[in-house]
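Colleague: Okay, here's the structure, questions in a sec.
A short reminder: the numbers here are calculations on the coordinates, not readings from a lab. Since the structure is predicted, the reported quantities are computational estimates derived from the model, not experimental observations. In this analysis, Cβ positions are derived from the backbone assuming ideal geometry, glycine residues included, and neighbour counts consider all displayed protein chains.
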Amino acid sequence: MSRRYGDADSLAALWADDLEVIVPRMPPMTKGESLAFARTGRMKFERYETSQIKVRSYGDTTVVTGRLLRTRTVAGKATTDDWRFTKVYARQNGSWRVVSFHASDSPPSQ
């Protein structure tokens, strides 16, 4: 079976069962809610680019911070997001799983 970027089945394997997702202009979401949204196919990504990545590990927990620039289309309308994010991974049963994803709008450039 081929996998493609953003495939809900691939995300389900990467995300912990107790995942919490918090992003601008959306209510907090669980793993189930995030996967259900991904499976609707309502949002398409034309760009999904991370930069300024910083990784810090603390035993069985790793914190990744960075910047995310993405362009997405929903209902025919394109929107560009410029976010700062924090993603927390935990080692569970020998595998790394995302347990938390939080993003906020990047501050204006100075």
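Colleague: Give me the Debye-computed log₁₀ of I(q)/I(0) at q = 0.13 Å⁻¹ for the stretch 1-89, equal point scatterers on Cα only, no solvent, two decimals.
Modeller: So the normalised log intensities are -0.50.
Colleague: What trypsin sites (Lys or Arg not before Pro) in the stretch 38-110 are in a loop by DSSP, with at most 10 other Cβ atoms within 10 Å of the Cβ? Don't skip to the end; give the middle numbers.
Modeller: Details: sites: ARG39, ARG42, LYS44, ARG47, LYS54, ARG56, ARG67, ARG70, ARG72, LYS77, ARG84, LYS87, ARG91, ARG97; in loops: ARG42.
Passing sites in the stretch 38-110 do not exist.
Colleague: What residue among THR61, THR73, THR86 has the largest mean-square fluctuation in a Gaussian network model of the chain, using Cα springs under 10 Å?
Modeller: Between THR61, THR73, THR86, it is THR73 that shows the largest mean-square fluctuation.
Colleague: So which lysines can LYS87 reach, going by Cα to Cα under 18 Å and dropping same-chain residues fewer than 8 places off?
Modeller: By straight Cα distance, LYS87 reaches LYS31, LYS54.
Colleague: Cross-link candidates for LYS77: which lysines have Cα within less than 19 Å, leaving aside residues fewer than 8 places away along the same chain?
Modeller: Once the sequence-local lysines are set aside, what remains near LYS77 is LYS44.
Colleague: Another question, then. With an 8 Å cut-off on Cα pairs and a minimum separation of 6 or more residues, tell me the relative contact order of the chain in percent.
Modeller: Numbers: 198 pairs, mean separation 27.7, N = 110.
Once divided by the residue count of the chain, the mean separation gives 25 percent.
Colleague: Another question about this same structure. In Å, what Rg and Dmax follow from the Cα atoms of the stretch 41-110?
Modeller: 14.6, 44
Colleague: Okay, next question. Just subtract the alpha-carbon distance of TYR48 and LEU35 from 0.36 nm times their residue separation and send over the number in nm, one decimal. Can you show the working numbers first?
Modeller: Details: separation 13, 0.36 × 13 = 4.68 nm, distance 1.78 nm.
Roughly 2.9 nm would be gained on extension.
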